[in-house]
1. Report yes if Ala11 is under 25 Å from the mean Cα position of the chain (by Cα), at pLDDT 95 or above and either of a type in the set (A, V, I, L, M, F, W, C) or closer than 23 Å to Ile290 by Cβ (or both), otherwise no.
2. Suppose we filter Ala11, Ala24 for residues that are out of contact with any Asp or Glu (no Cβ under 8 Å at 6 or more places or on another chain) and touching a residue at least 24 places away in the same chain (Cβ under 8 Å); which single one remains?
3. From the residues in segment 25-62 that are of a type in the set (A, V, I, L, M) and over 30 Å from Pro192 (Cβ atoms), which one is surrounded by the most Cβ atoms within 10 Å (Cβ to Cβ)?
4. Of all the residues that make up segment 279-295, how many are more than 17 Å from the chain's Cα centre (by Cα) and in a helix (DSSP H, G or I)?
5. Within the group Ala263, Ala308, which residue is part of a helix (DSSP H, G or I) and more than 30 Å from Pro65 (Cα to Cα)?
6. Can you name the residue in segment 406-423 that is assigned to a helix (DSSP H, G or I) and of a type in the set (Val, Ile, Thr) and is also nearest to the chain's Cα centre (by Cα) among such residues?
7. Exactly one of (1) of a type in the set (A, V, I, L, M); (2) touching a strand residue (DSSP E or B) at 6+ places or on another chain (Cβ under 9 Å); (3) more than 16 Å from the ligand (Cβ to nearest atom) is unmet by Val74. Its number?
8. Filter segment 298-314 down to residues that are more than 16 Å from Val406 (Cβ to Cβ) and in contact (Cβ under 8 Å) with a residue 24 or more places away in the chain and give me whichever is surrounded by the most Cβ atoms within 10 Å (Cβ to Cβ).
Amino acid sequence: MPFDPASLAFATRAVHAGAAPDPATGARAQPIYFTNGFAFESNEQAADIFAMRATGFSYSRGSNPTVAALERRVASLEGAKAAVAVASGQSAMLLVLLTLMQTGDAYVSSARLFGGSLGLMRRLETRYGLTPQFTRGLTPDDFEGAITEATRAIVCESIVNPCGTVIDIAGVAAVARRHNLPLVVDNTLASPALIRPIEHGADIVVHSTSKFLSGSGTVIGGIVCDAGRFDWAATGRYSLITDPWPDYDGLVVAERFPETSFATACRLFGLRDLGPGLSPMNAFLTLTGIETLPLRMERHCANAMAVAGYLRAHPKVAWVSYPSLPGHPGEAVANAYVPQGAGSIFTFALKGGERAALDFITGLDLISHLVNIGEIKSLAIHPATTTHRQLREAEKVAACVGPDTVRLSIGLETVEDLIADVEQSLAKLAA
Ligand SMILES: *Cc1c(COP(=O)(O)O)cnc(C)c1O
């Protein structure tokens, strides 16, 4: 490489980091390596790669050159030492929890999370004995108050799905450091263009790349990023990282890969054993999406701010949860972390209750009624009967998704057209 990618600005890295013209052909776009296997040069090389004594491609379940380019790019954008791409955001969260913990362990988690994460956590508790210790609120003190002897990690989202609350990551990271716990941040709703949790003290960052990173609502994917600075050996609680692996000639991941121990454990256990690898095609589409991420996020935030402001002034609307709005309870934290706007996913409630919320969604013309978020097109959904329907009533209250609540994901259309669509649907509701 003629330049040091780490010295380049964010938008430049979004276009260039992790990929270069193909040395074999000169192809400028990242080639899609559709191959399962890679020919070895010798028996020694094959054995070395299998034993983790040498790096190299062997079989695409564990790593693939197109997927590796995506991993390098996201690692660069997040300021991570390494990243591991997987088939979905769900599998990213699963891999993190299973790599950190074993049956009997517990972890503190924000009570307000993406519904799929909450569902996964409950299933892992009842079937595999990994106990989530949910916080009462979202302040650093709430996280500290939930920690016990059994706690092995702290988990939160940077911007909470669906209500848009911005978490004080540096405050929660200080709690994690005091208790020698790794902090895991799901950064899906912010994307690294808005928040880079590692800069605020996070140890592990996960994404659903199905959302802002790929951007167009065309591919499912996930990624795990390792900041590479947590001292795993200090407590001896993370056996996959600090104990010898008998089937790898006694390999101790933390000793052999001190800067990328967590990512390496995720790759060995997560990809080689469990197997939720990302397709090279999806990696290519996600890389392409990331090239425009900084530009898109500016427009997403500006449009969301305008639509949220319009809704808050409307007489049929009870409240709007977009923390960047002036006077919102979360405004100070939001302005500290995301002065450009708290992303483009937020909730609002209708005075007319559940009937009005459901009718508002079906009354929209331009804004699509669907469950994705963070894509170019604007979207609306009723969380209480869809994404969050599996939650118990108390959990729905904690997640701020009552029957009267609508979630919007604001896209890149001309904002006057979005407001006109919202306006005509609200106008059809009973006063
Ligand atoms: C969508 C989402 C996930 C799950 O990602 P998939 O790619 O749909 O599996 C995880 N966390 C958050 C915050 C999400 O919005």
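1. yes
2. Details: Ala24 fails: touching a residue at least 24 places away in the same chain (Cβ under 8 Å).
None of the others qualify; the one that does is Ala11.
3. We begin by selecting, within segment 25-62, every residue of a type in the set (A, V, I, L, M); these are 27, 29, 32, 39, 46-47, 49, 51-52, 54.
Next, from what is left, pick out any that are over 30 Å from Pro192 (Cβ atoms): 39, 46-47, 49, 51, 54.
On the way: Ala39: 9, Ala46: 15, Ala47: 12, Ile49: 19, Ala51: 12, Ala54: 12.
Going through the qualifying residues, I end up with Ile49.
4. Qualifying residue count for the region: 6.
5. The unique qualifying residue is Ala308.
6. Residues of segment 406-423 that are assigned to a helix (DSSP H, G or I), as a first pass: 415-423.
Next, only the ones that are of a type in the set (Val, Ile, Thr) stay: 415, 419, 422.
On the way: Val415: 26, Ile419: 28, Val422: 28 Å.
Here the answer is Val415.
7. Result: Val74 fails condition (3) only.
8. Only one residue tops the list, namely His300.
The values are calculated or read from the model by the stated rules, or taken from the named source; none is laboratory data. Since we're looking at a predicted model, the values are computed, not measured. Cβ: placed from backbone, ideal geometry, glycine included. Neighbour counts: every protein chain shown.
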